[in-house]
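The structure under discussion appears below in the form of structure tokens.
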Amino acid sequence: MDDINTLRRILGENRVIAVVGLSADWHRPSYFAAKYMQEHGYRIVPVNPRYAGQPLLGEPCYASLRDIPTPVGIVDVFRKTEDVLPIAEDAIAIGAKVLWQQIGVKNRAAQDRALAAGLDAVMDRCVKIEHGRLFGGLNWVGVNTRVVSARRPRGLAY
């Protein structure tokens with residue numbers, strides 16, 4: 001599900017993102033993407049057994065999706081492709097709405113399983129890049145986002 005309207009709907013409707021594989025290292029892509037989304041009004045729920053019980057980005061970190069006590073909209077996966085299927089099963093079990101596989105993560109079986117369970121599924125895309133492309137004003141600084149609109153994005157400083 002990669003069309004612009006679907007991505008816009010997913011990012012507009014789901015404000016809680018469980019980031020599976022979130023690193024505490026500021027220079028890692030998972031940290032950078034999660035911090036960006038947090039700064040744009042999304043609640044980030046870190047999921048990484050290495051940091052379970054510790055705060056990451058000011059939020060408690062959980063060992064697995066099934067440990068999260070609150071509802072989750074998007075499960076954003078920063079793991080190896082072969083690790084995604086059990087994560088998809090956990091996403092289904094907790095009632096998540098979206099399974100989002102980051103750039104370079106392409107587990108077709110996990111995507112098919114999520115779709116069959118009624119979740120939206122995004123594969124091989126970055127949530128930060130898509131947010132910036134669709135809502136963040138990248139087009140106003142000259143980046144070709146392939147989104148044509150005469151409307152200025154809401155919430156921009158300029």
Checklist line | segment 82-124, residues that are of a type in the set (G, A, S), assigned to a helix (DSSP H, G or I) and in contact with a strand residue (DSSP E or B) (Cβ under 9 Å, 6 or more places away or on another chain) | finding: A88, A91, A110, A114
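Restricting attention to segment 95-106, does a residue exist that is over 15 Å from the mean Cα position of the chain (by Cα), on the phi < 0 side of the Ramachandran plot and not hydroxyl-bearing (S, T, Y)?
To start, the set of residues in segment 95-106 that are over 15 Å from the mean Cα position of the chain (by Cα) comprises 95.
Retained after the next criterion (residues that are on the phi < 0 side of the Ramachandran plot): none.
No, the conditions are met nowhere in segment 95-106.
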Notebook entry, point to check: What's the number of the condition W100 fails, among (1) among the hydrophobic types (A, V, I, L, M, F, W, C); (2) touching a Lys or Arg at 6+ places or on another chain (Cβ under 8 Å); (3) under 19 Å from A52 (Cβ atoms)?
Noted result: (3)
Note to self: Quick check on segment 66-77. Is at least one of its residues buried (at least 21 other Cβ atoms within 10 Å of the Cβ), over 13 Å from the mean Cα position of the chain (by Cα) and under 27 Å from A116 (Cβ atoms)?
What the structure shows: no
Item checked: Residue count for segment 2-28, restricted to those that are crowded, with 16+ Cβ neighbours inside 10 Å and either of a type in the set (D, E) or farther than 20 Å from A91 by Cα (or both) -> 2
Next item on the list: Give the residues of segment 88-97 that are out of contact with any Ser or Thr (no Cβ under 8 Å at 6 or more places or on another chain) and surrounded by fewer than 24 Cβ atoms within 10 Å (Cβ to Cβ), sorted by residue number.
Entry: E89, I92, A93, I94, G95, K97
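Readers should treat all values here as calculations from the given coordinates under stated rules, not as data from a laboratory. Only a predicted model underlies this, so the values are computations on that prediction, with no experimental measurement involved. Backbone-built Cβ (ideal geometry, glycine too); neighbour counts: all protein chains shown.
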